[in-house]
1. Quick check: is even one residue across the range 50-73 assigned to a helix (DSSP H, G or I), in contact with a helix residue (DSSP H, G or I) (Cβ under 7 Å, 6 or more places away or on another chain) and under 29 Å from residue 109 (Cα atoms)?
2. Can we say residue 52 is modelled with pLDDT of 95 or more and either buried (at least 18 other Cβ atoms within 10 Å of the Cβ) or not assigned by TED's automatic domain parsing to the domain that holds residue 336 (or both)?
3. Filter the range 11-33 down to residues that are at pLDDT 95 or above and out of contact with any strand residue (DSSP E or B) (no Cβ under 8 Å at 6 or more places or on another chain) and give me whichever is farthest from residue 136 (Cα to Cα).
4. Only one residue in 171, 162 is closer than 29 Å to residue 31 by Cα and not in a helix (DSSP H, G or I). Which one?
5. Residues of the range 268-279 being surrounded by fewer than 23 Cβ atoms within 10 Å (Cβ to Cβ) and touching a helix residue (DSSP H, G or I) at 6+ places or on another chain (Cβ under 7 Å), which ones?
6. Going by the structure shown, is residue 171 out of contact with any helix residue (DSSP H, G or I) (no Cβ under 6 Å at 6 or more places or on another chain), without any contact (Cβ under 8 Å) to a residue 40 or more places away in the chain, surrounded by fewer than 20 Cβ atoms within 10 Å (Cβ to Cβ) and not assigned by TED's automatic domain parsing to the domain that holds residue 231?
7. Which of the residues that make up the range 222-241 are under 21 Å from the mean Cα position of the chain (by Cα) and either in a loop (DSSP other than H, G, I, E, B) or crowded, with 23+ Cβ neighbours inside 10 Å (or both)?
8. Looking for whichever is at pLDDT 95 or above, more than 16 Å from the chain's Cα centre (by Cα) and under 24 Å from residue 245 (Cα atoms) here; the options are 135, 127, 141, 149. Which one fits?
């Protein structure tokens with residue numbers, strides 16, 4: 001019997017497993033044959049995520065800012081002398097995270113699909129396509145469509161967005177800036193992106209679930225940007241859970257990453273909150289084994305800890321998201337006029353992709369900006 005079985009061999013699962021393995025016998029089971037496949041991520045991460053990962057992936061490009069295009073075609077540029085993000089090969093990143101976990105004593109079992117679990121006799125019996133496994137507890141790290149999270153009643157995320165992206169054979173003129181486009185015709189409920197890396201440009205978008213299929217918007221975006229005639233090298237798609245869920249713990253079980261809806265609502269990024277939450281998870285697991293108490297009540301301290309760590313940013317981000325999704329294209333265009341001022345651009349230039357709500361708070365701390373934004377914000381909040 002293992003101390004802990006982690007369901008899901010992505011970065012969140014392997015980060016948690018690496019930390020737990022210092023104290024416990026840990027097995028990670030993954031339903032795919034290899035880590036990192038299929039890829040369902042832009043691969044855009046911050047230096048903070050790089051540091052938290054503990055690995056050195058290949059960096060495909062360094063990004064220093066973004067050109068933000070509003071519905072009326074107006075754009076503003078936000079840039080810095082310091083790099084804001086790096087683009088990585090997400091498949092390689094996942095593989096390196098798995099190898100790092102194995103260096104720390106974690107075992108892996110691939111092509112093994114979790115189908116459910118039951119608690120009896122002071123243990124968890126995990127049903128898989130390869131038979132039954134036993135552990136003292138489990139960690140659900142099985143992504144946006146988490147089966148482990150669904151074993152907790154009424155535990156769905158508040159919402160999902162769905163996305164699609166293509167790697168297109170096209171060399172962008174500016175290799176250091178991302179293009180971001182917003183508006184109901186481009187990506188209702190979220191935004192689109194064009195990320196350069198050498199002779200390839202990664203083009204994608206996410207939309208709310210009640211919008212038309214993302215492919216329709218992507219085809220229109222490619223045509224509008226003149227990229228529709230270029231070769232498509234790779235295609236990706238997936239869903240992102242947003243807004244949190246009721247619980248991230250249960251009897252002999254903890255959740256992490258997308259399975260715990262630990263995702264930034266503004267950008268859809270999940271690695272930074274998941275990696276930081278892994279330390280809260282490891283601390284809780286260590287205490288639980290020391291006290292021989294794997295009850296739901298004892299494990300609930302994990303949720304308090306990770307929310308103290310990253311919960312404030314996620315809560316703020318979701319409030320800002322709800323405001324954003326309530327805005328009309330005209331209101332977004334008006335905001336472009338307000339933020340296109342040198343002082344406001346300087347605030348945006350100094351921001352971090354891991355803490356986007358901090359930038360908004362800085363902007364709202366500027367009296368003139370606050371007065372000009374207030375009518376639009378009030379209208380959005382009242383919808």
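The values are calculated or read from the model by the stated rules, or taken from the named source; none is laboratory data. Everything numeric in this text was worked out from a predicted model, so none of it was measured. As a convention, Cβ positions derive from the backbone with ideal geometry for all residues, glycine included, and neighbour counts pool all protein chains shown.
1. Here is the first cut: in the range 50-73, the ones assigned to a helix (DSSP H, G or I) are 50-53.
Filter once more, so that each one left must be in contact with a helix residue (DSSP H, G or I) (Cβ under 7 Å, 6 or more places away or on another chain): 52-53.
Adding the requirement that they be under 29 Å from residue 109 (Cα atoms) leaves 52-53.
Yes - at least one qualifying residue is present in the range 50-73.
2. Details: modelled with pLDDT of 95 or more: yes; either buried (at least 18 other Cβ atoms within 10 Å of the Cβ) or not assigned by TED's automatic domain parsing to the domain that holds residue 336 (or both): yes.
Yes: the conditions hold for residue 52.
3. Among those residues, the one meeting the criterion is 11.
4. Numbers: 171 fails: closer than 29 Å to residue 31 by Cα.
Every option except 162 fails the conditions.
5. Filtering the range 268-279 down to residues surrounded by fewer than 23 Cβ atoms within 10 Å (Cβ to Cβ) leaves 268-269, 276, 279.
276, 279 - these are the residues of the range 268-279 that are surrounded by fewer than 23 Cβ atoms within 10 Å (Cβ to Cβ) and touching a helix residue (DSSP H, G or I) at 6+ places or on another chain (Cβ under 7 Å).
6. Working: out of contact with any helix residue (DSSP H, G or I) (no Cβ under 6 Å at 6 or more places or on another chain): yes; without any contact (Cβ under 8 Å) to a residue 40 or more places away in the chain: yes; surrounded by fewer than 20 Cβ atoms within 10 Å (Cβ to Cβ): yes; not assigned by TED's automatic domain parsing to the domain that holds residue 231: no.
Criteria not met by residue 171.
7. Step one: filter the range 222-241 for residues under 21 Å from the mean Cα position of the chain (by Cα), giving 234-241.
Passing the criteria: 240, 241.
8. On the way: 135 fails: under 24 Å from residue 245 (Cα atoms); 127 fails: under 24 Å from residue 245 (Cα atoms); 141 fails: more than 16 Å from the chain's Cα centre (by Cα).
Residue meeting the stated conditions: 149.
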